[in-house]
Each structure stands twice: as C-alpha cells, then as structure tokens.
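K.L.:
The following block contains the structure, expressed as structure tokens.
The values are calculated or read from the model by the stated rules, or taken from the named source; none is laboratory data. This one's a predicted model, so the numbers in the text were calculated from it and none came from an experiment. Please note: Cβ atoms are built from the backbone with ideal geometry, for glycine as well, and neighbour counts cover all protein chains shown. Calculation scope for accessible area: heavy atoms of the full protein, side chains included, ligands and nucleic acids excluded. Shrake-Rupley method; radii C 1.70, N 1.55, O 1.52, S 1.80 Å.
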Amino acid sequence: MKILVPVKRVVDYNVKVRVKADGSGVDVANVKMNMNPFDEIAVEAAVRLKETGMATEVVAVSCGVAACAETLRAAMAIGADRGILVETEVELQPLAVAKLLKAVADKEAPQLVILGKQAIDDDANQTGQMLAALAGWPQATFASELTLSDGRAQVTREIDGGLERLSVTLPAVVTTDLRLNEPRYATLPNIMKAKKKPLDTVTPAALGVDVAPRLTTLKVAEPPKRSAGVRVADVAQLVDKLKNEAKVL
Ligand code: AMP
C-alpha cells in the first residue's frame with residue numbers, strides 16, 4: 001500500500017515574521033524555512049505505518065519553488081522512500097495545491113494521502129478537504145490516532161466535548177493534528193541516505209493543472225500593539241471598569 005504525504009515549505013515556526021513595508025505580504029527573503037510542522041507529523045505517521053508493515057511505500061510531494069527539494073529531502077531523512085517536486089514560481093493557493101495533488105494521486109494511485117491539518121503560514125486548513133472533494137474520497141481531518149485494517153482507516157479526532165472515532169474506506173484523505181505523534185529527529189546517516197533517494201520533478205503544466213491564483217490579497221498588516229494594562233484597587237473597581245469602560249458586562 002502506497003501512502004502519499006504532501007509536505008509544504010514554510011517559514012520556520014521560530015521566526016517572527018515581518019510584514020513587507022508595502023503591506024503586500026510577509027517578507028520571506030533570507031528567512032529560515034522548514035517543513036510545515038503538521039507535515040512532519042504526517043511523514044512520521046506514514047513511516048510508522050510502513051515500519052509496522054501496513055504500508056509498502058511512502059512518497060513525499062511538495063509543490064512550489066525549487067528549494068522545496070530541501071523539504072522533500074527532510075521528509076526522506078525521516079523515512080519517506082522518494083520525493084516528487086511539482087516545481088513552480090507561482091505562489092500557490094490551497095485550491096491549486098489540491099488540484100496538483102489530485103493529479104499526482106491519479107498517477108501514483110496511493111491508498112492514503114496524509115496531509116497536515118493546516119500550513120502554519122497561510123493557516124488555510126483547506127487543502128486536504130479540497131483534495132478529498134476533488135478525488136471523491138472520504139476524509140478524516142485532525143487525526144489524533146490513525147490505524148489501518150481491512151481496507152479502512154480508523155481515525156480518532158479530538159473535538160469539542162470528547163473524541164470522535166471515524167472509520168473510512170480507502171483510498172482516503174487524512175489530516176494530522178498535533179497529538180498524532182512526535183516526529184523523530186532525522187539522524188545524520190539518514191540525512192546522508194536521503195540525498196541518494198529518488199526525487200522526480202514535474203511542472204503544473206505537465207500535470208495539466210492551471211495554478212493561477214483565484215484570490216487576491218488586499219492588505220497584510222501587523223496586529224495592533226497591545227497597550228499597557230492597569231492595576232485596579234479592588235473587585236468593585238474591576239466590575240465598574242468592565243461595565244462602564246470595556247462594556248463587556
Ligand atoms: P493549508 O490548507 O494551506 O492550511 O495546508 C494544509 C496541508 O496541505 C499542509 O499541511 C500540507 O500537508 C498540504 N500542502 C499545502 N500546501 C502545500 C504545498 N505547496 N506543497 C505540498 N503540500 C502542501
């Protein structure tokens with residue numbers, strides 16, 4: 001059974017992003033980039049399924065600029081068997097990525113696609129759901145547990161008020177939540193091995209996908225600075241301020 005794992009190259013989660021002076025977006029020049037953390041969890045989940053004999057091959061796919069090859073190498077250092085780079089300079093929106101992943105899935109015929117629940121740069125939380133819709137496959141999002149048996153995936157989801165358990169037929173789309181696993185650190189020997197694993201490059205045109213943006217960003221701005229707090233003398237004053245100044249009571 002083959003598992004496809006889409007991995008996105010994003011600004012490292014430790015970096016404090018800066019908004020460009022013209023408000024057109026976030027400045028990513030000379031900024032440390034890394035694999036989207038939820039995608040590391042997805043790669044780890046797929047590799048564990050391979051290690052337990054439930055899967056036979058793990059294929060990582062990344063869509064974007066040539067440097068996404070580094071993200072694919074990182075996925076291969078965790079244990080993915082090979083990588084597919086869908087190379088484009090166009091800034092990809094979730095629908096375009098979902099269409100590209102659908103085209104890759106048509107060629108690769110995986111039984112399972114494990115994505116991150118969201119990318120930490122656009123926080124869209126859309127790509128997995130769009131892919132499932134385009135492919136006509138069941139989806140189980142925000143997985144905190146994942147097992148496979150009898151041609152189905154069993155997924156536990158943490159929802160308000162408890163745990164929801166879903167059983168979906170394969171092929172299916174699963175997206176990862178934070179508690180699914182703790183990704184392993186890639187060891188130096190595995191980083192070296194990853195450099196020799198196969199990495200194919202294709203273009204959106206070769207996959208027959210139009211990736212032109214459908215949404216326009218009007219403006220990106222820093223959140224307003226938090227003003228200093230005040231110390232109140234007693235509960236009565238606090239209630240008075242909440243009622244008459246903040247008007248929340
Ligand atoms: P989003 O819908 O943008 O929040 O992204 C959700 C998930 O879709 C990510 O965690 C990745 O697994 C996948 N994804 C989004 N963009 C890309 C991309 N450019 N290349 C590969 N996978 C992607």
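K.L.:
If contacts are Cα pairs under 8 angstrom and at least 6 residues apart, what is the relative contact order of the chain in percent?
P.N.:
Here the relative contact order equals 23 percent.
K.L.:
OK, next. List, largest first, the extents of the alpha carbons of segment 91-249 along their principal axes, each in whole Å.
P.N.:
67, 40, 40
K.L.:
Quick one: if you stick a label point 7 Å off each Cα along the C-beta vector at residue 16 and residue 227, how many nm between them?
P.N.:
The modelled label-to-label distance comes out at 2.2 nm.
K.L.:
Do any trypsin sites (Lys or Arg not before Pro) in segment 177-249 lie in a loop, going by DSSP, with at most 15 other beta-carbon atoms within 10 Å of their beta carbon, and if so which?
P.N.:
Answer by residue number: 184, 195, 196, 214, 219, 225, 226, 231, 247.
K.L.:
Also: Work out, in µm²/s and without decimals, the Stokes-Einstein translational diffusion coefficient of segment 157-234 at 25 °C, 0.890 mPa s, Rh from Kirkwood over C-alpha pairs.
P.N.:
The Stokes-Einstein estimate is 119 µm²/s.
K.L.:
Out of all DSSP beta bridges with both ends in segment 82-190, state the antiparallel percent to the nearest 5.
P.N.:
Antiparallel bridges make up about 65 percent of those DSSP assigns within segment 82-190.
K.L.:
Let me ask something additional. On a straight-distance basis, which lysines could pair with residue 243 in a cross-link, Cα separation under 17 angstrom, same-chain partners fewer than 8 positions away excluded?
P.N.:
Within reach: none.
K.L.:
Set the bar at 18 Å for Cα to Cα. Now go through 2/117; 2/102; 32/197 and name every pair that lies beyond it.
P.N.:
2/117; 32/197
K.L.:
Let me ask another. With all protein chains present, how much of the accessible area of the chain (probe radius 1.4 Å) comes from carbon and sulfur, to the nearest whole percent?
P.N.:
That fraction is 54 percent.
K.L.:
What does the highest-first list of 40-53, 7-20 look like by mean Cβ count within 10 Å?
P.N.:
Ranked by mean Cβ neighbours within 10 Å, highest first: 40-53, 7-20.
K.L.:
Dipole size in debye (nearest 20) for the chain around its Cα centre, Lys and Arg Cβ +1, Asp and Glu Cβ -1?
P.N.:
The calculated dipole for the chain is roughly 300 debye.
K.L.:
May I pose another question? For segment 1-132, what is the accessible area per residue in Å² when the probe is 1.4 Å?
P.N.:
Value returned for segment 1-132: 42 Å² of accessible area per residue.
K.L.:
Which of the aspartates and glutamates could a cross-linker span from residue 107 if the Cα-Cα distance has to be under 16 Å and same-chain partners fewer than 8 positions apart are dropped?
P.N.:
57, 200
K.L.:
Here is a further query. Rolling a 1.4 angstrom probe over the protein chains, ignoring ligands and nucleic acids, what is the accessible area of residue 192 in square angstrom, nearest 10?
P.N.:
Rounded to the nearest 10, that gives 100 Å².
K.L.:
Report for segment 2-244 the percent antiparallel among DSSP-assigned beta bridges with both residues inside it, nearest 5.
P.N.:
Antiparallel bridges: around 40 percent, rounded to the nearest 5.
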